[in-house]
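Chemist: Mind looking over this structure? Questions follow.
The values are calculated or read from the model by the stated rules, or taken from the named source; none is laboratory data. No experiment lies behind these values; they were computed from the predicted model shown. Cβ coordinates were reconstructed from backbone atoms using ideal geometry, including for glycine residues, and neighbour counts include every protein chain displayed. Note: areas computed on protein heavy atoms with side chains; ligands, DNA, RNA excluded. Shrake-Rupley method; radii C 1.70, N 1.55, O 1.52, S 1.80 Å.
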Amino acid sequence: MASQSSKTYAQRGHAHQHPVARKLFEIAELKKSNLVVSADLEETESLLQCADDLGPYIAVFKTHIDVVRDFGDATIHGLKTLAKKHNFMIFEDRKLVDIGNTVQKQYHNGALRISEWADIVNLSILSGDGIVDALTQTVTDPGFPFRGERGFLLLAEMTSRGSLATGSYTSQCVRLARRHPESTFGFVATRALTAVQPRDGGPDEDFVVFTTGINLESRGDKLGQQYQTPAEAVGRGADFIIAGRGIYAAGDAVAAAKRYRDEGWKAYLQRVGG
């Protein structure tokens, strides 16, 4: 297993070649937060209320936009407005997985209009290299309207019991990310998969790790989810911790968000010796 980075977010942001990663680290440092809230809410009003309430305490707001029953212009406008108001990034947990031609359509100009509003999207490489090749082509095209403002995470590991995202699949994710650093800046994983290290004649190789399944009260649910604490996740190499029901379903979601933010930041400071 690669060792987790002891460099600060500021150091990594300054050296990173990907503009989305640079902005992400800048937000984290400014807000003293490595928290991602996963808001699996089904109505635009509740989704936007969650983003407005928790926005001051998070670095990233994560959506599953295909569960929003009344998705439309109001959803998109609201998310973008609140991201600007509270200075957070938007991560659509779409787990795109299909042939290259199809995912290009799903991502850009499809019904969910993902490229218009999501700074970050994750991909599964079950369909092979073509998905990363195709979406890299999309976001680096000179005519792409959000060029330099969008980035991808590869779904390298999952926290659900019995996940098949292991072994050679995970290794392939690392190989593909290394081949496409202009579009792919990190992984959804349970641990650090690579070390931050110098590249010959270029910026450091530095892949950002987002870890799901963060919960301070529970170790799992009845549907196979397995939880870990912020300290456990950051100690294994997580750069950003993703918490969902432990926050938005709490009796006081704002208080819960503050607690998760503080626990995550404390673990990060311990890791970097701050």
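Chemist: Report yes if residue 177 is modelled with pLDDT of 95 or more, of a type in the set (Gly, Ala, Ser) and surrounded by 14 or more Cβ atoms within 10 Å (Cβ to Cβ), otherwise no.
Modeler: Yes; evaluated as a whole, the condition is true for this residue.
Chemist: Let me ask another. Of everything in the range 142-166, what is of a type in the set (Phe, Trp, Tyr) and open to solvent by 10 Å² or more (accessible area, probe 1.4 Å)? Give them in sequence order.
Modeler: Within the range 142-166, 144, 146 qualify.
Chemist: Can I ask one more? Considering only the range 76-94, I want to know if a residue exists there that is without any contact (Cβ under 8 Å) to a residue 24 or more places away in the chain and among the charged types (D, E, K, R).
Modeler: Checked the range 76-94: at least one residue is without any contact (Cβ under 8 Å) to a residue 24 or more places away in the chain and among the charged types (D, E, K, R).
Chemist: Just need a number here: residues in the range 41-59 that are open to solvent by less than 60 Å² (accessible area, probe 1.4 Å) and in contact with a helix residue (DSSP H, G or I) (Cβ under 6 Å, 6 or more places away or on another chain).
Modeler: Total satisfying the criteria: 11.
Chemist: Oh, and also: Please find, within the range 84-137, the residue that is surrounded by the most Cβ atoms within 10 Å (Cβ to Cβ) out of those that are hydroxyl-bearing (Ser, Thr, Tyr) and within 14 Å of residue 152 (Cα to Cα).
Modeler: This residue is 107.
Chemist: Turning to a different aspect of this structure: Which residues, counting only those in the range 12-41, are assigned to a loop (DSSP other than H, G, I, E, B) and either of a type in the set (Gly, Ala, Ser) or on the phi < 0 side of the Ramachandran plot (or both)?
Modeler: 16, 17, 18, 33, 34, 40, 41
Chemist: Can you find even one residue in the range 3-22 that is open to solvent by less than 50 Å² (accessible area, probe 1.4 Å), charged (D, E, K, R) and closer than 21 Å to residue 207 by Cβ?
Modeler: Yes: the range 3-22 contains one or more residues that are open to solvent by less than 50 Å² (accessible area, probe 1.4 Å), charged (D, E, K, R) and closer than 21 Å to residue 207 by Cβ.
Chemist: Going through the range 42-70 one residue at a time, which ones are part of a helix (DSSP H, G or I), free of Cβ contacts under 8 Å to residues at least 40 places away in the same chain and within 20 Å of residue 111 (Cβ to Cβ)?
Modeler: So the first thing to find is which residues in the range 42-70 are part of a helix (DSSP H, G or I), and the list is 44-57, 65-67.
Checking the rest, the ones that are also free of Cβ contacts under 8 Å to residues at least 40 places away in the same chain come to 44-49, 51-52, 55-56, 67.
Passing the criteria: 44, 47, 48, 67.
Chemist: A follow-up question, please. Which is surrounded by fewer than 16 Cβ atoms within 10 Å (Cβ to Cβ) and of a type in the set (D, E, K, R), of 80, 62?
Modeler: Result: 80 is the single residue among 80, 62 that is surrounded by fewer than 16 Cβ atoms within 10 Å (Cβ to Cβ) and of a type in the set (D, E, K, R).
Chemist: Ok, one more. Could you run through the range 228-274 and say how many residues are within 16 Å of residue 32 (Cα to Cα), surrounded by fewer than 22 Cβ atoms within 10 Å (Cβ to Cβ) and either in contact with a His (Cβ under 9 Å, 6 or more places away or on another chain) or basic (Lys, Arg) (or both)?
Modeler: Residues that pass the stated criteria total 4.
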